[in-house]
Amino acid sequence: MPSKSSAPVRLHHVGIIVPDGEQARFLLDLLGLTESRRYYVPEYEAECLFTSGPAGVIEFIIPRGGKLAKFNKGMGGLHHLALEVADLEQTAAEMRVKGYELLEREPVDAGPIWINFLPPAVTRGIIVEFVQTKADNLENSA
């Protein structure tokens with residue numbers, strides 16, 4: 001990944017854990033959203049459904065086992081705010097200089113994006129996901 005400024009570019013999406021696909025479909029209909037893409041992320045045992053609509057991008061996370069299935073006692077809810085950065089590795093290095101390690105040792109491949117998280121202990125409970133759009137998907141960033 002080329003070196004660029006790691007300052008957040010924009011809000012990329014808001015991540016919401018839902019207990020199952022039925023709840024995701026209900027929320028799509030209720031909020032007038034359209035599914036734009038779906039990916040399975042093995043590291044988190046989760047199906048990630050990205051939406052499009054006038055209100056911006058929402059990611060519905062459908063756990064398929066693992067610790068995300070236990071989030072908020074299995075009921076789901078608001079999970080994270082995702083900030084787009086130009087260079088995820090540089091962001092990780094800058095966080096290390098500030099005394100913080102990102103959750104994963106290496107960026108996680110999540111389809112058209114690379115992701116990593118600032119642990120919620122750093123922000124007193126707010127999970128922040130850093131997102132870098134892969135070079136071959138810049139025109140399709142969501």
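The values are calculated or read from the model by the stated rules, or taken from the named source; none is laboratory data. Computed from a prediction, not measured in an experiment: that's the story for all the values here. Here Cβ is always computed from backbone atoms with ideal geometry, including for glycine, and neighbour counts include all displayed protein chains.
The table for this structure:
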read-out	value
Selected residue [surrounded by fewer than 13 Cβ atoms within 10 Å (Cβ to Cβ) and either hydrophobic (A, V, I, L, M, F, W, C) or closer than 25 Å to Ala121 by Cβ (or both)] from Glu43, Glu22	Glu43
Long-range neighbours under 7 Å by Cβ, at least six apart or interchain, first residue assigned to a helix (DSSP H, G or I) within region 74-96, second among the β-branched types (Val, Ile, Thr)	Thr91/Val85
Glu59, sole failed condition from (1) modelled with pLDDT under 95; (2) within 21 Å of Arg10 (Cα to Cα); (3) among the charged types (D, E, K, R)	(1)
Boolean, Gly76 is surrounded by fewer than 17 Cβ atoms within 10 Å (Cβ to Cβ) and either within 15 Å of Glu43 (Cα to Cα) or not acidic (Asp, Glu) (or both)	no
Residue tally, condition surrounded by 15 or more Cβ atoms within 10 Å (Cβ to Cβ) and among the hydroxyl-bearing types (Ser, Thr, Tyr), over region 81-103	1
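For every residue, the table says whether it meets (1) in contact with a Lys or Arg (Cβ under 7 Å, 6 or more places away or on another chain); (2) of a type in the set (A, V, I, L, M, F, W, C).
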{"site": "Gln23", "(1), (2)": "no, no"}
{"site": "Arg38", "(1), (2)": "no, no"}
{"site": "Phe50", "(1), (2)": "yes, yes"}
{"site": "Val57", "(1), (2)": "no, yes"}
{"site": "Arg64", "(1), (2)": "no, no"}
{"site": "Ala82", "(1), (2)": "no, yes"}
